[in-house]
Amino acid sequence: MATSLLNQLNSEDVTMQELHELWEDRDSQIWRSNPDLYLALAKAAKHRSLPFWTFEIAMDGLSLDEVSSPVASELTQIAALSLARTGAEIKAEEILEELLKSSGNDVETLSILGRIHKDRALRQAAGSSSRQSRLQQAGDYYQRASECDPNAYYPLINCATIALLLKQESRSEALAESVLALCQSLHDTEDDYWRLASMGEAELILGRDAEAADHYRTAIQRSTGSHFSHASMRKQAETILQAKGLSLDTLPGVFESMAIGIFSGHRVDDPDRDTPRFPAASVPAVADAIRSWIRETSPVSVWASAAPGADILFCEAAIEAGVDLYLVLPFELEEFRRYVNSTAEPEWASRLERVIAGASEITELSRGKYDDAVQGPALYDFANQVIFGAARADARFLRAEVKSLAVWDGNPQVATGGTSDCIRLWRESGQPIDGLIDPESGKPRAVSSVTHWPTRSQRPELQQVIRTIFFADVVGFSSLSDPELPEFFQGYLKRLAFAVQKTGIQPLGKNSWGDAYYFVFETIENACLFALAFQEATENDKWIPESLGRTLQFRVALNAGPVFEIIEPVCEITAFVGQATNRAARIEPIVDEGQIYLSEFAAALFMVEKPPGMALDYVGRKQLPKNHGSSRVFLLRRSEGS
């Protein structure tokens, strides 16, 4: 059985859907006794540019009781590389340094460390001492890696690039010549992507642009389609060219920009709708226009929902084109099925099932029953924001562009969570509208022809509102003795409150239970700034209660989503209630002491707002207490140099 599974996982023909099914339906006894299965799946997920899932698989494999040293080392390298790709470079570096200590020098371990230092150097100001120091560290790691294996051309070409960045032109060119000689001596195979890419980089360093372009084109032709590999090759070429005062225009037609697609569109009209907007007769024409947009844009992945109508047409077109589809549903799957069955013609229910079967991943934004009369459209608004934020995160990892398409009737009147409101969100967040399709005629519409765009002022008031919830807990509070409580409340907390108040940020709601603190914020930026001030105040005031015997620490969790704003009748205070509040409370216990974690939903809103001076590092998928499922969580920190 294990051998059959390995053959499936290693097959070039295995689809994303099949990989997910193999993982979701795995027999725990078979998998836990065969660590090679985790390694094979982690490699397959890495190749398909899924860093979050890759990291989770690798960490699950490393948690097994018996993992051979070679498999454990490779899983650790894959986990660290996946973290680095998501931006969690500090944690990745820590993992790899531990691996070096336990396993000694290794080409892959040292090369990933070189990559991390190089990437961090390139974000520093040109000519700064911090940039030079990072580049030198990167060069040291790459040099050590190249000394581990005489045929290791990858670290050697990076040594040449680092030398170029350090303005050591003669050394850079000599290393590039060595790389060319080495690569030409190695056997030419169909699966030869990185050897050809390295030859392209060497030719670029030597100023032979035409030869470089030929190597790059051949590498791309032979590639089996890893988006991260393409992004990495493009980034490396761009780095070399910029160091020489040039741009990618030097290599015309070699590197096509990658796109992540996002979509919003109207539901198909009900049969008894008085004024047509998207009549059923227009469905084939709209579907053709969507297919044309996907062919022309060639997105590597798309994010969308699946309401009956334009959403489903877009999802079908993406699946038909072999594009990875990431589906975001405003409520849980079974409830969404019920909603489609009860509000649309029967054909849309069967089309929804085909979309569900073809999706690479499905995200459900709420649990339990949805009641439109009570909750209103806030969940649709939230889905729009999560789709946009998640696509922006993917684009950052892949150095891709977010491309937007809407099937829109041109009416700027905003219905919250609808297509007009989604277009408003995109435009207010700096996202260009890249394509418009008229739902009645099915014809593309020139974006330049739109004279009246939707605006925030046109949004109606909602019963539910999207807010960011902050939960903090004092670790070890129950161990404090009674004589220590006055110092905790009147000394330590008073100093903490003073430090946080200096931010000038006023929460919309707040409460306390002695050892727990709850705040509500209108924006994710305010919540993050407040949380960082909270964290930094505790770091600067290290109180060590005698009964605890160590520094008092907090855990902070942030979640975002629709909540009801009500006056709680017993205590007569403003309260914000809903699943988003409950989920924040469930995330808090899994936070590492002294850290701030964001849920995947809060992280998506973070990417929509892009608050300056802050960064997120991926932590992993964590199981939440009290039967609240699991959540991907992210660590909040100040960005480097802020």
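What to note about this one:
- Pairs with Cβ under 6 Å, 6+ apart, first in region 222-242 and touching a residue at least 24 places away in the same chain (Cβ under 8 Å) and part of a helix (DSSP H, G or I), second crowded, with 18+ Cβ neighbours inside 10 Å and small (Gly, Ala, Ser): His227/Ser49; Phe228/Ser49; Met233/Ala197
- Scanning region 243-257 for residues that are in a helix (DSSP H, G or I) and surrounded by 15 or more Cβ atoms within 10 Å (Cβ to Cβ) turns up Ala243, Thr250.
- The residues of region 499-516 that are open to solvent by 60 Å² or more (accessible area, probe 1.4 Å) and either in contact with a His (Cβ under 6 Å, 6 or more places away or on another chain) or closer than 16 Å to Phe564 by Cα (or both), listed by number, are Leu508, Lys510.
- Being open to solvent by less than 10 Å² (accessible area, probe 1.4 Å) and closer than 23 Å to Ala317 by Cα is a property that Ile437 has.
- Qualifying residue in region 622-633 (condition: assigned to a strand (DSSP E or B), among the hydrophobic types (A, V, I, L, M, F, W, C) and at pLDDT 90 or above): yes
- When residues of region 163-190 are limited to those that are open to solvent by less than 60 Å² (accessible area, probe 1.4 Å) and in contact with a Lys or Arg (Cβ under 7 Å, 6 or more places away or on another chain), the one farthest from Leu113 (Cα to Cα): Leu186
- Some residue of region 264-282 being among the hydrophobic types (A, V, I, L, M, F, W, C), open to solvent by 30 Å² or more (accessible area, probe 1.4 Å) and farther than 30 Å from Leu166 by Cβ: yes
- Residues located in region 269-309, provided they are more than 27 Å from the chain's Cα centre (by Cα) and among the β-branched types (Val, Ile, Thr): Thr275, Val283, Val286
- Taken over region 517-553, the criterion of being of a type in the set (A, V, I, L, M, F, W, C), touching a helix residue (DSSP H, G or I) at 6+ places or on another chain (Cβ under 9 Å), open to solvent by 20 Å² or more (accessible area, probe 1.4 Å) and more than 24 Å from Val465 (Cα to Cα) is satisfied by Trp543, Leu548.
- Residue match in region 149-158 (condition: in a helix (DSSP H, G or I) and small (Gly, Ala, Ser)): no
- Meets criteria (in contact with a strand residue (DSSP E or B) (Cβ under 8 Å, 6 or more places away or on another chain), among the aliphatic types (A, V, I, L, M) and at pLDDT 90 or above) for Val407: yes
- The requirement of being in contact (Cβ under 8 Å) with a residue 12 or more places away in the chain, closer than 18 Å to Gly245 by Cβ and not hydrophobic (A, V, I, L, M, F, W, C) is not satisfied by Glu177.
- Test for Arg134: is it charged (D, E, K, R), more than 21 Å from Glu203 (Cβ to Cβ), in contact (Cβ under 8 Å) with a residue 24 or more places away in the chain and in a helix (DSSP H, G or I): no
- Residue count, region 41-73 (criterion: open to solvent by 20 Å² or more (accessible area, probe 1.4 Å) and touching an Asp or Glu at 6+ places or on another chain (Cβ under 8 Å)): 2
- Gln463 falls short on exactly one of the conditions (1) surrounded by 15 or more Cβ atoms within 10 Å (Cβ to Cβ); (2) in contact (Cβ under 8 Å) with a residue 40 or more places away in the chain; (3) touching a helix residue (DSSP H, G or I) at 6+ places or on another chain (Cβ under 8 Å), and that condition is (1).
- Some residue of region 588-608 being of a type outside the set (A, V, I, L, M), open to solvent by 40 Å² or more (accessible area, probe 1.4 Å), in a loop (DSSP other than H, G, I, E, B) and within 18 Å of Gln385 (Cα to Cα): no
- Applying a threshold of 6 Å to beta carbon distances and a minimum spacing of six or more residues, or different chains, the list of pairs starting in region 505-519 at a residue that is touching a residue at least 24 places away in the same chain (Cβ under 8 Å) and among the polar types (S, T, N, Q) and ending at one that is open to solvent by less than 50 Å² (accessible area, probe 1.4 Å) and outside any loop (DSSP other than H, G, I, E, B) reads Asn511/Tyr518.
- Test for Val556: is it over 21 Å from Gln595 (Cα atoms), in contact (Cβ under 8 Å) with a residue 60 or more places away in the chain, open to solvent by less than 30 Å² (accessible area, probe 1.4 Å) and β-branched (Val, Ile, Thr): no
- Region 82-116, residues that are among the polar types (S, T, N, Q) and surrounded by fewer than 18 Cβ atoms within 10 Å (Cβ to Cβ): Ser102, Ser103, Asn105
- Qualifying residue in region 556-569 (condition: among the acidic types (Asp, Glu) and more than 21 Å from the chain's Cα centre (by Cα)): yes
- Number of residues in region 20-40 that are in a helix (DSSP H, G or I) and surrounded by 15 or more Cβ atoms within 10 Å (Cβ to Cβ): the value is 11.
- Any chance Pro569 is open to solvent by 60 Å² or more (accessible area, probe 1.4 Å) and under 22 Å from Phe52 (Cβ atoms): no
- Residue among Val520, Val447 that alone is β-branched (Val, Ile, Thr) and more than 25 Å from Asn582 (Cα to Cα): Val447
- The single condition from (1) part of a loop (DSSP other than H, G, I, E, B); (2) open to solvent by less than 50 Å² (accessible area, probe 1.4 Å) that Pro612 fails is (2).
- Some residue of region 48-55 being assigned to a loop (DSSP other than H, G, I, E, B), at positive phi and polar (S, T, N, Q): yes
- Number of positions in region 616-628 that are open to solvent by 20 Å² or more (accessible area, probe 1.4 Å) and touching a residue at least 24 places away in the same chain (Cβ under 8 Å): 7
- The numbered conditions (1) within 21 Å of Ser73 (Cβ to Cβ); (2) among the small types (Gly, Ala, Ser); (3) not in a helix (DSSP H, G or I) are all true for Ser111 except (3).
- From the options Ala373, Ala383, Ala406, Ala357, residue that is closer than 29 Å to Pro279 by Cα and without any contact (Cβ under 8 Å) to a residue 12 or more places away in the chain: Ala373
The values are calculated or read from the model by the stated rules, or taken from the named source; none is laboratory data. Note that the structure is a prediction, hence the values are computed from the model and not measured. All Cβ positions, even for glycine, are placed from backbone atoms using ideal geometry, and neighbour counts span all protein chains on display. Side chains included, ligands, DNA and RNA excluded: accessible areas come from the protein's heavy atoms. Shrake-Rupley method; radii C 1.70, N 1.55, O 1.52, S 1.80 Å.
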